[in-house]
Amino acid sequence: MENENVMDAMIQNILELLNEKKYIKARDEILKNNSVDIAEILEEVIEELGVEKAVILFRTLPKDVSVEVFSYLRSDDQREIISAITEREIQHIMDELDFDDMIDVLEELPANIVDKILEKTSKEERRLINTFLNYPESSAGSLMTPDYISLRKNMTVAEALAYIKKEGMDSETVYTCYIKDEGRRLLGIVSLRTLVVSDDNVQVGELMNEDVIYVNVLDDREYVSDIFKRYGFLAIPVVDNEKRLVGIITVDDILDVIDEEITEDFQKMAGLAASKEEYLDMSVWHHVKNRLPWLFFLMCSLMVTGFIITKFEDLLSNVIALVAYLPLLMGTGGNSGSQSATLIIRGLAVGDVELRDAGRILWKETRVSFLIGVILSSLNFLKIYFFDGRDLFVALTVCGSMLLIIMVAKIVGGLLPIGAKKVGIDPALMASPMIASLTDMVSVVTYFMLATLILGI
């Protein structure tokens with residue numbers, strides 16, 4: 001909290017200096033921070049004072065600092081900066097950015113600016129950039145960088161270390177080195193630690209690990225993030241269909257993917273269309289488009305529930321007491337289903353639950369739901385019969401329905417995400433709104449059918 005207060009005070013001071021056109025003092029103040037914090041301050045400047053002031057401040061930064069700061073800016077702010085600076089300045093930023101960061105920026109820029117940048121690059125670099133830009137956004141290829149340490153297996157340790165010293169500054173990471181053959185096929189990996197502690201005359205081929213875990217350029221980003229989480233990698237090689245090494249993905253890039261996936265899942269679980277934009281950056285109409293479809297779908301499902309209720313009007317008119325307990329049953333059913341669905345969706349996301357576990361999930365949720373149903377039904381029976389003073393058969397109807405509804409809701413909530421995953425649908429869609437709507441319909445049908453059976457109406 002103290003650090004936040006200090007940052008807020010510093011931002012306020014910088015804003016005042018910029019308003020007073022004291023740009024050098026503002027620059028000196030902002031340079032007291034690291035690049036990540038400077039990027040955050042620039043974003044605040046853009047929001048409070050506009051892009052013009054931010055560009056002036058950005059231009060006062062040392063060139064090496066400005067490039068690093070630019071890589072940490074949000075894509076919207078990057079576009080704002082790019083649109084306000086000269087082509088020469090843009091070219092300098094592109095030249096100094098890490099390759100994967102440059103690709104990320106180019107993907108967000110207007111086509112005319114991208115064309116101008118590509119005109120000033122070499123033929124080989126332009127071919128490489130176009131290759132990376134053409135990978136699907138959701139693929140591993142869109143995340144990788146070609147900046148890695150590549151060694152030959154016949155190199156000695158001394159030669160490998162000398163090569164790392166020469167090329168290491170231009171590489172994304174030096175902690176893992178990749179061994180390729182003449183056809184660029186991946187043969188193995190060797191860690192920097194292994195090289196440092198080994199004798200100088202030992203060949204790299206003797207030290208390399210040939211059991212390499214890798215991903216294909218077209219593998220889904222979510223699959224890649226699962227690999228990182230499972231093995232705790234700092235980087236992972238990316239190969240094409242011929243197992244030729246084309247790049248690596250580092251953990252900093254996959255953290256962004258994990259963050260996006262979590263955000264997307266939360267949005268879907270709340271009945272929203274997925275969006276990468278931040279809440280305040282989205283227009284009112286964008287919010288409407290994201291929320292309306294799901295709300296319309298859920299409204300229609302409630303209409304179905306209402307239609308079912310109308311079919312039992314005679315029953316309700318004869319036993320008015322049944323109406324009082326309908327919200328209780330519907331709410332309990334929805335909550336029960338949501339609990340199970342949330343646990344299974346989380347399990348699928350982190351790899352604790354697999355598709356083959358459907359039978360085990362069914363058996364476990366059956367037992368769990370039965371015990372929970374018996375306990376809650378018993379407690380409600382005591383309340384309805386003794387405290388509310390309802391008829392015995394009404395109490396049995398409500399409590400019997402609760403037991404069945406809880407069991408059905410939990411089993412459905414546990415199996416629906418598995419089924420969705422099986423057919424290629426995001427399991428997050430089977431979260432609270434969807435489960436609640438389904439269990440509402442199940443609850444109403446179960447309740448009234450049981451009432452008809454027990455009460456004989």
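Here are some notes:
- Hey, residue 111 over 27 Å from residue 38 (Cβ atoms) and of a type outside the set (D, E, K, R) or not: yes
- Those residues of region 210-244 which are of a type in the set (S, T, N, Q) and within 18 Å of residue 261 (Cβ to Cβ), in sequence order: 225
- Test: residue in region 80-95 that is over 30 Å from residue 199 (Cα atoms) and in contact (Cβ under 8 Å) with a residue 60 or more places away in the chain: no
- Residues of region 382-402 classified as crowded, with 18+ Cβ neighbours inside 10 Å and either of a type in the set (Phe, Trp, Tyr) or in a helix (DSSP H, G or I) (or both), total: 10
- Within region 164-188, being buried (at least 17 other Cβ atoms within 10 Å of the Cβ) and not charged (D, E, K, R) holds for 164, 171, 173, 176, 177, 178, 179, 186, 187, 188.
- Comparison of 197, 257, 202 shows that the only residue that is surrounded by 18 or more Cβ atoms within 10 Å (Cβ to Cβ) and either in contact with a Lys or Arg (Cβ under 6 Å, 6 or more places away or on another chain) or at pLDDT 75 or above (or both) is 257.
- Among the residues of region 343-374, the one identified as within 15 Å of residue 405 (Cβ to Cβ) and among the charged types (D, E, K, R) is 365.
- Here residue 195 fulfils each of the conditions (1) in contact with a Leu (Cβ under 8 Å, 6 or more places away or on another chain); (2) touching a residue at least 40 places away in the same chain (Cβ under 8 Å) apart from (2).
- Considering (1) surrounded by fewer than 16 Cβ atoms within 10 Å (Cβ to Cβ); (2) in contact with an Asp or Glu (Cβ under 6 Å, 6 or more places away or on another chain); (3) among the β-branched types (Val, Ile, Thr), the lone condition that residue 157 does not fulfil carries the number (1).
Each row is one residue, and each column tells you yes or no for (1) under 14 Å from residue 74 (Cβ atoms); (2) of a type in the set (A, V, I, L, M); (3) under 29 Å from the mean Cα position of the chain (by Cα).
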| site | (1), (2), (3) |
| --- | --- |
| 9 | no, yes, no |
| 12 | no, no, no |
| 18 | no, yes, no |
| 23 | no, no, no |
| 27 | no, no, no |
| 39 | yes, yes, yes |
| 55 | no, yes, no |
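Quick grid of which residues meet (1) farther than 30 Å from residue 223 by Cα; (2) not in a helix (DSSP H, G or I):
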site	(1), (2)
94	no, no
102	no, no
115	yes, no
118	yes, no
121	yes, yes
136	no, yes
141	no, no
148	no, yes
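- Residue 379 vs. criteria in contact (Cβ under 8 Å) with a residue 40 or more places away in the chain and surrounded by fewer than 21 Cβ atoms within 10 Å (Cβ to Cβ): no
The values are calculated or read from the model by the stated rules, or taken from the named source; none is laboratory data. Quick caveat, the model's predicted, so the values are computed rather than measured. Every residue, glycine among them, receives a Cβ derived from its backbone with ideal geometry; neighbour counts consider all protein chains shown.
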